[in-house]
Amino acid sequence: MAELADLEDPKTREVNEKHGDDHGVNLSKLRALAKRLKTQQELASRLWETDDTAARLLAILICRPKAFERDELDVMLREARTPKVHDWLVNYVVKKNPHSEELRLAWSADPDPVVASAGWALTTERVAKKPEGLDLAGLLDVIEAQMKEAPARLQWAMNHCLAQIGIEHPEHRTRAIDIGERLEVLKDYPTSPGCTSPFAPVWITEMVRRQHDT
């Protein structure tokens with residue numbers, strides 16, 4: 001904890017706070033510290049219990065993803081107060097855990113929109129890597145009906161799933177683009193030069209173009 005405190009930088013904190021994250025540790029330095037510590041499951045558990053954002057990010061980097069029980073991960077996700085901790089927990093731990101599919105189904109149906117967004121993130125992963133058994137048309141039905149009015153984090157996750165379906169599955173591409181155009185979610189999202197807009201029709205079209213170019 002003392003070492004993490006030494007890595008605290010006010011300017012980094014200022015930038016992070018604009019995104020809802022309450023820590024000031026440069027992530028490259030955090031990763032270097034994790035590399036030095038290597039995998040330490042017990043230390044990871046103790047760091048998580050501090051409720052400190054930087055400590056929790058470090059815990060995620062040094063934990064053993066497959067060591068967690070389903071209920072442990074459910075509690076941890078609900079405790080993950082900041083966007084970065086939430087995203088890292090889903091991407092670096094839950095996706096590698098044997099209970100990920102069970103959690104995907106449970107979280108997708110959760111009334112808490114932040115928890116539900118984790119379920120959609122796991123669904124997006126399956127759309128891209130293991131779509132067998134997924135009802136893609138059914139997912140598009142839900143997105144069409146609910147994405148426009150969904151709270152921000154859940155809306156973002158649903159939009160990512162919409163784009164992924166359109167990118168990876170040509171038979172659903174026209175409908176995915178049509179849904180995006182009608183709902184206009186993230187249409188005016190500010191996008192830096194050289195970056196792809198998160199507006200699904202633009203995102204899908206650009207990624208498909210790149211696939212054809214390679």
For the range 26-97, size of Cβ-based charge dipole, Lys and Arg +1, Asp and Glu -1, in debye | 520
When the helix-only estimate is applied to the chain (DSSP H runs of n ≥ 4, each -39,500 (n - 2.57), divided by the residue count), what is the mean residue ellipticity at 222 nm, nearest 500 deg cm²/dmol?
-> -19500 deg cm²/dmol
Label K129 and S197 with points 7 Å out from Cα along Cα→Cβ: what is the distance between them in nm?
-> 3.0
For helix 173-183, report the angle its Cα long axis makes with the longest principal axis of the Cα atoms of the chain; keep it between 0 and 90° and round to the nearest 10°.
-> 80
About its Cα centre, the chain carries a charge dipole, from +1 on Lys and Arg Cβ atoms and -1 on Asp and Glu Cβ atoms, whose size in debye to the nearest 20 is 780
Listed values [x] 30.1, 87; [y] 18.4, 54; [z] 20.7, 69, entry calculated as Rg and Dmax of the Cα atoms in Å = [y]
Extension gain, M1 back to E14 (0.36 nm per residue minus Cα-Cα distance, nm) | 2.7 nm
accessible surface per residue for the range 102-194, probe 1.4 Å, DNA/RNA/ligands not counted, whole Å² -> 51
Could you tell me the accessible area of R64 in Å² (1.4 Å probe, neighbours in place), rounded to the nearest ten?
-> 120
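Over the range 15-125, how many pairs of lysines fall under 15 Å by alpha carbon, counting only those 8 or more apart in sequence or from different chains?
Details: K18/K84; K29/K38; K66/K95; K66/K96.
The result is 4.
Assign unit charges at the C-beta atoms only (+1 for Lys and Arg, -1 for Asp and Glu), then state the dipole size of the range 38-142 relative to its Cα centre in Debye, rounded to the nearest 20.
540
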Run the accessible area of the chain with a 1.4 Å probe and give the carbon-and-sulfur part as a rounded percent.
-> 52
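The values are calculated or read from the model by the stated rules, or taken from the named source; none is laboratory data. Given the structure is predicted, the values throughout are model-derived calculations rather than measurements. Methodologically, a virtual Cβ is constructed for each residue, glycine included, from the backbone with ideal geometry; neighbour enumeration extends over all protein chains shown. What goes into the accessible areas is simple: the full protein's heavy atoms, side chains included, and nothing from ligands, DNA or RNA. Shrake-Rupley method; radii C 1.70, N 1.55, O 1.52, S 1.80 Å.
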